[in-house]
Amino acid sequence: MGEGPLHLQTENMEHYLRHTEVVDHEHPAVAQLALLLREGCHSAVELAQKTFVYVRDEIHHSADLAAQAMTQGALKTLSDDMAAKLPADIAAKPTAFTASAVLLAKEGICFAKSHLLAALLRHNRIPAGFCYQRLRLNESNSPLVFHGLNAVFLEELGRWLRVDARGNKPGINAQFSLEAEQLAFKPLPQQGEEDVAQIYADPAPGILRTYQACTNFGELWKTLPQKLD
């Protein structure tokens, strides 16, 4: 589970199953998809992997979509200078962050996708929480911002597994692996990057504050969260 142990925010496993305003797994659209994903699965591990792959591959990362629109598909993700020049229609797109809104929009950035993955898993009684990494977005001298992913408790194995449904692209190959952890990013300590050694039961307050302060994608991408609390 990464380079070091991860700690639970709470020992009450029900907190990793609950419905909240953000992780709204009782929303009809989320509930319907969760049940569809469950069809044909013979174990919680199989269902967790199937759900992860769906969110990773079928829900697009908003920054990748923006880059493709700006470069006619030549580039797959936004650079710092591109973010400063977002076309008005792309910049004005609403930001989805509740699980149901992300599902209906079919897109979101890393945090939003983690909210949907947690909701789908929780609806099927698979405990899921939130993990974070502190990374540099592009160059080694760019500001440190947080990246969101998930942790899933697999009762059959008796342990938590971190997974990253950010979305794959050239240079990123995140997988659902029961052996060596395979996430989208590996923090570089020499650049000040790090894993946050906690599994949150709810999205971190700093992440939600960022979303609440931004009315559109342009604002969000220019003010990615730098604090969790």
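Residues in segment 117-131 that are in contact with a His (Cβ under 7 Å, 6 or more places away or on another chain) and open to solvent by 10 Å² or more (accessible area, probe 1.4 Å): 123 alone. From the list 24, 57, 64, the lone residue that is among the acidic types (Asp, Glu) and in contact with a strand residue (DSSP E or B) (Cβ under 7 Å, 6 or more places away or on another chain) is 64.
Test residue 114 against the stated conditions and say whether it is of a type outside the set (Lys, Arg), touching a Phe, Trp or Tyr at 6+ places or on another chain (Cβ under 9 Å) and assigned to a helix (DSSP H, G or I).
Numbers: of a type outside the set (Lys, Arg): yes; touching a Phe, Trp or Tyr at 6+ places or on another chain (Cβ under 9 Å): yes; assigned to a helix (DSSP H, G or I): yes.
Yes: the conditions hold for residue 114.
Quick one: which of 68, 49, 32 is assigned to a helix (DSSP H, G or I) and farther than 27 Å from residue 200 by Cα? It would help to see each step written out before you state the result.
Numbers: 49 fails: farther than 27 Å from residue 200 by Cα; 32 fails: farther than 27 Å from residue 200 by Cα.
Testing whether each residue is assigned to a helix (DSSP H, G or I) and farther than 27 Å from residue 200 by Cα leaves just 68.
Residues considered: 14, 107. Of these, the only one that is charged (D, E, K, R) and open to solvent by 60 Å² or more (accessible area, probe 1.4 Å) is 14. Checked against the criteria, residue 114 counts as crowded, with 24+ Cβ neighbours inside 10 Å, of a type in the set (Ser, Thr, Tyr) and under 17 Å from residue 208 (Cα atoms). Only residues that are part of a helix (DSSP H, G or I), surrounded by 14 or more Cβ atoms within 10 Å (Cβ to Cβ) and at pLDDT 95 or above were counted in segment 179-208, giving 3. Taken over segment 165-178, the criterion of being closer than 22 Å to residue 107 by Cβ and either in contact with a helix residue (DSSP H, G or I) (Cβ under 9 Å, 6 or more places away or on another chain) or open to solvent by 50 Å² or more (accessible area, probe 1.4 Å) (or both) is satisfied by 165, 166, 167, 168, 169, 170, 171, 173, 174, 175, 176.
Take residue 162 and decide whether it is open to solvent by less than 70 Å² (accessible area, probe 1.4 Å), under 25 Å from residue 8 (Cα atoms), at pLDDT 95 or above and basic (Lys, Arg). It would help to see each step written out before you state the result.
Working: open to solvent by less than 70 Å² (accessible area, probe 1.4 Å): yes; under 25 Å from residue 8 (Cα atoms): yes; at pLDDT 95 or above: yes; basic (Lys, Arg): yes.
Yes, satisfied.
Looking at this structure, is residue 86 open to solvent by 20 Å² or more (accessible area, probe 1.4 Å) and modelled with pLDDT of 95 or more? Step through it out loud before you land on a result.
Working: open to solvent by 20 Å² or more (accessible area, probe 1.4 Å): yes; modelled with pLDDT of 95 or more: no.
No.
Somewhere in segment 132-149, is a residue over 16 Å from residue 197 (Cα atoms), in a loop (DSSP other than H, G, I, E, B), open to solvent by 20 Å² or more (accessible area, probe 1.4 Å) and modelled with pLDDT of 95 or more? There is no residue in segment 132-149 that is over 16 Å from residue 197 (Cα atoms), in a loop (DSSP other than H, G, I, E, B), open to solvent by 20 Å² or more (accessible area, probe 1.4 Å) and modelled with pLDDT of 95 or more. How many of the residues making up segment 210-221 are farther than 26 Å from residue 141 by Cβ and either open to solvent by 20 Å² or more (accessible area, probe 1.4 Å) or assigned to a strand (DSSP E or B) (or both)? Of the residues in that region, 3 qualify. Of the numbered criteria (1) touching a Lys or Arg at 6+ places or on another chain (Cβ under 6 Å); (2) over 20 Å from residue 204 (Cα atoms), the one residue 110 fails is (2).
The values are calculated or read from the model by the stated rules, or taken from the named source; none is laboratory data. These figures come from a predicted structure and were not determined experimentally. So basically every Cβ, Gly included, is an ideal-geometry build from the backbone, and we count neighbours across all protein chains shown. Just so you know, the surface numbers come from the protein's heavy atoms only, side chains and all, with ligands and any DNA or RNA stripped out. Shrake-Rupley method; radii C 1.70, N 1.55, O 1.52, S 1.80 Å.
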